[in-house]
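The values are calculated or read from the model by the stated rules, or taken from the named source; none is laboratory data. Note that the coordinates shown come from a computational prediction; the quantities given were computed from them, not determined experimentally. Here the Cβ is made from the backbone with ideal geometry for all residues, glycine too, and neighbour counts use every protein chain on show.
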Amino acid sequence: MKRGIVAVLAVLLAVRIFAAGNRAPGAAEADRFSVLVYITGVVAGSPPYELLVEGAQSFAASHANTVIKVYEAGFNQAEWEEQLTSLVAGGEYDLVLGSNPSLPEICANVGKRFPGQKFIITDAEFRGNPQISTYLYNQYEQSFYLGYLAGLVTTSSMPHANGEKKIGFIAAQEYPILNRHIVPGFLDGARRADPAIELDFRVIGNWFDANKAAELAGSMIDAGVDVFASIAGGAAQGLVRSAAQRGAYVVWHNTNEYKQAPGFIVGCGFMGQKKLAEEILADALAGKIIYGSSRTVGLKEGYLDFIADDPDYTAALPQDIRDKFEVFMNDIRAGRISYTAPPLR
Ligand code: RBF
């Protein structure tokens with residue numbers, strides 16, 4: 001009997017040592033919060049990714065037990081699922097944090113093989129999967145107010161505004177949030193300034209080719225476009241170059257880019273992605289994330305806004321345009337201007 005107990009203890013001890021010895025390096029530990037920030041592209045030049053990484057790093061800087069690994073998956077979207085699978089296969093990460101509308105489906109597939117793995121994705125909407133939680137920015141709304149500003153500018157007598165009521169949009173690629181929220185919101189907003197405004201919409205085909213974006217911008221300027229918006233990651237630098245060289249205006253989503261081309265970038269939106277990333281990690285650490293759910297965040301929740309307190313904004317636009325735009329922003333905030341965002345699917 002006694003020998004039996006000793007034998008059982010010996011086996012238990014051996015199993016413990018074996019288990020500890022076999023733990024993958026960096027395997028999830030009880031006292032450690034390990035986060036993989038999975039970047040679907042490259043960080044540099046893409047506002048949502050830059051802000052996500054900044055938020056995660058700032059959280060880690062103030063939480064000693066939090067370890068962040070940033071992985072840039074590159075531009076080959078066909079490889080993303082396989083890359084993510086091999087990254088989470090070791091069970092190393094308590095959480096995968098990403099920001100991309102196409103990520104939830106990829107995570108759902110990866111998650112089938114790793115049922116303990118949790119994923120939190122911003123800039124996406126996905127419900128009903130107990131491993132995934134998402135946060136959707138109300139990008140119809142940001143495009144709506146940037147579109148209104150573009151409408152005021154294209155119908156103005158500013159030096160580079162021509163007589164045509166034509167605005168432009170350059171996209172890297174088409175996807176549901178772009179086609180159903182961002183582009184329609186931009187045109188709807190512009191038409192609140194003048195219902196006769198038309199939109200010239202072009203697609204680059206990738207998120208990095210700045211020369212192609214510059215070329216497209218040039219031919220759109222030839223066709224009468226004098227105000228642009230763009231969702232194109234690093235490729236959007238080509239648009240900025242063209243607009244500054246040829247004389248055209250740009251409104252910019254998500255980040256403060258006035259410095260890139262003062263006088264040409266006439267309005268910048270704000271995306272509270274850094275703050276959201278910090279809040280998400282705090283909630284995840286506290287076990288407060290509701291998996292399976294999706295939350296939409298916009299102006300009134302404080303996660304989207306417009307950057308009006310920059311001297312380059314004040315210098316870029318005449319007072320009467322800034323005054324009209326301020327009234328419009330206040331009206332949206334107060335619910336005096338209503339709009340209907342089309343369904344995403
Ligand atoms: N936005 C970027 O700024 N850079 C990117 O590299 C990038 N890649 C994307 C890839 C796919 C497949 C999809 C659907 C969207 C991508 N976006 C990218 C868009 C991003 O998620 C977001 O919708 C826009 O930046 C607008 O906030």
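Answer with yes or no whether Arg241 is basic (Lys, Arg) and in a strand (DSSP E or B). No: the conditions fail for Arg241. Evaluation of Ala161 against the conditions (1) closer than 20 Å to Gly234 by Cα; (2) not in a helix (DSSP H, G or I) shows that the sole unmet condition is (1).
Away from the ligand (no atom under 13 Å from the Cβ), surrounded by fewer than 24 Cβ atoms within 10 Å (Cβ to Cβ), without any contact (Cβ under 8 Å) to a residue 60 or more places away in the chain and within 19 Å of the chain's Cα centre (by Cα): is that true of Asn211 in this structure? Here the answer is no, as Asn211 does not meet what is asked. With respect to Ala334, is the statement that it is under 23 Å from the mean Cα position of the chain (by Cα) and of a type in the set (Gly, Ala, Ser) true? So Ala334 fails the test.
For the structure I just gave you, tell me whether Ile182 is within 13 Å of the ligand (Cβ to nearest atom), in contact with a Cys (Cβ under 8 Å, 6 or more places away or on another chain) and of a type outside the set (Gly, Ala, Ser). When the stated conditions are applied, Ile182 does not pass them.
Yes or no, residue by residue, for (1) buried (at least 16 other Cβ atoms within 10 Å of the Cβ); (2) among the aromatic types (Phe, Trp, Tyr); (3) in contact with a His (Cβ under 7 Å, 6 or more places away or on another chain); (4) touching a residue at least 40 places away in the same chain (Cβ under 8 Å):
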position	(1), (2), (3), (4)
Ile307	yes, no, no, yes
Pro311	no, no, no, no
Leu317	yes, no, no, yes
Arg322	yes, no, no, no
Phe328	yes, yes, no, yes
Arg333	no, no, no, no
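Being within 13 Å of the ligand (Cβ to nearest atom) and surrounded by 19 or more Cβ atoms within 10 Å (Cβ to Cβ): is that true of Phe228 here?
On the way: within 13 Å of the ligand (Cβ to nearest atom): no; surrounded by 19 or more Cβ atoms within 10 Å (Cβ to Cβ): yes.
No; evaluated as a whole, the condition is false for this residue.
Exactly one residue out of Leu95, Leu87 is among the aliphatic types (A, V, I, L, M), under 14 Å from Ile132 (Cβ atoms), assigned by TED's automatic domain parsing to the domain that holds Pro48 and modelled with pLDDT of 95 or more, and it is Leu95. Scanning segment 248-283 for residues that are surrounded by 20 or more Cβ atoms within 10 Å (Cβ to Cβ) and over 30 Å from Ile68 (Cβ atoms) returns Ala248, Tyr249, Val250, Val251, Ala261, Phe264, Ile265, Val266, Gly267.
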